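Notes follow the structure.
The values are calculated or read from the model by the stated rules, or taken from the named source; none is laboratory data. The model shown is predicted, which means the values in this text are computed figures rather than measured ones. Here the Cβ is made from the backbone with ideal geometry for all residues, glycine too, and neighbour counts use every protein chain on show. When the accessible area is computed, the model is the full protein with side chains, heavy atoms only, and any ligands, DNA or RNA have been set aside. Shrake-Rupley method; radii C 1.70, N 1.55, O 1.52, S 1.80 Å.
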Amino acid sequence: MDSITTAASVVAAGLAVGLGAIGPGIGQGSAAQGAVEGIARQPEAEGKIRGTLLLSFAFMESLTIYGLVVALVLLFANPFAG
Amino acid sequence: MASETVDSCSSHDPLLDIDSSDSSSGVKSDEYLELQFRVFRLAFLLTIFSVGIAGFFWGIHVSASLLIGALSGIFYFRLLARGVGRLGTSSKIVGKVQLLVPVLLVLVSSRFPQLDLIPALLGFLLYKPALIIQFLSMP
């Protein structure tokens, strides 16, 4: 792998993880805030709120995982490496 | 007078009734555990189905990679569920330890030539159809 491809892959990996984590991070924060407020207001619905929160977290965090996987593939199994 | 007030509060206020609070908390956690169990059961069924299909069409090599990825995905979901279960009680944030699972999966599958990267990643994402089915079947 030549040096330009290596440098571009490292920069792209950083961008993929960094930019890909912004949106899910904000979303997870606001979802957790809403869930904790909901549990505090309505403790009898804790099971349902936690279940919905778990499913929402799993969906949101998969976006982070997509970026992470792209970054790891660029770093450790680069398809552009000659 | 004061003792009557205390007695009436302790007998009628559900927040001060420790026994009823404990039993309802058990019901809540049971509901949450039941949801996790349903997702795990669906994910295991999808894993068995897709590993069988992959083994039939592409051989045992791809099938083993898919199986390892699927088990990693289930383990990731278990860690996420544990983090969400702790939220608000013993922890104020959801941990990010579960994100180490796909990292380790990619590292292991790129280091070992017996494993393929793409089937392992597709297997890791097998928990998502289980989640979607569970989400659609929720009342």
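Of the peptides A:66-77, B:33-44, the ranking by mean beta-carbon count within 10 Å, highest at the top, reads A:66-77, B:33-44.
Dividing the helix sum by the residues of the protein assembly as shown, where each DSSP H run of 4 or more adds -39500 (n - 2.57), gives a mean residue ellipticity at 222 nm of -28500 deg cm²/dmol. Mean per-residue shielding of peptide B:70-82 is 1, counting Cβ atoms of other chains within 10 Å of each Cβ. Dipole size of the protein assembly as shown about its Cα centre, with +1 on Lys/Arg Cβ and -1 on Asp/Glu Cβ: approximately 940 debye, rounded to the nearest 20. Charged side chains reduced to their Cβ positions (Lys and Arg at +1, Asp and Glu at -1) give the range B:33-139 a dipole of some 400 debye around its Cα centre. Summarising the amide proton neighbourhood of residue B:116: residues at separation of 5 or more, or on other chains, whose placed amide H is nearer than 5 Å comprise B:65.
Peptide A:68-77 is shielded by partner chain Cβ atoms: per residue, an average of 5 of them sit within 10 Å of its Cβ. Which Cα, out of A:11, A:53, A:40, lies furthest along the positive dipole direction of the range A:1-74 (beta carbon charges, K/R +1, D/E -1)? Of A:11, A:53, A:40, it is A:40. Rg/Rh for the range A:1-74 stands at 1.24; both radii use Cα atoms, and Rh follows the Kirkwood definition. Pop out the carbon and sulfur fraction of the accessible area of the protein assembly as shown as a percent, whole number, probe 1.4 Å. The computed percentage sits at 71. When accessible surface is computed with a 1.4 Å probe, chains A and B are found to bury approximately 2800 Å² between them, both chains counted. Counting, for every residue in B:94-106, the Cβ atoms of other protein chains within 10 Å of its Cβ and taking the mean gives 4. Solvent-accessible area per residue in the protein assembly as shown equals 58 Å², computed with a 1.4 angstrom probe and all protein chains kept. Using a 1.4 Å probe on the heavy atoms of the protein chains only, list every residue of the range B:123-139 that has 30 Å² or more less accessible area in the complete assembly than in its chain alone. The answer is B:125, B:128, B:131, B:135, B:138. Surface calculation, 1.4 Å probe, protein heavy atoms: residue B:60 sits at approximately 140 Å² accessible.
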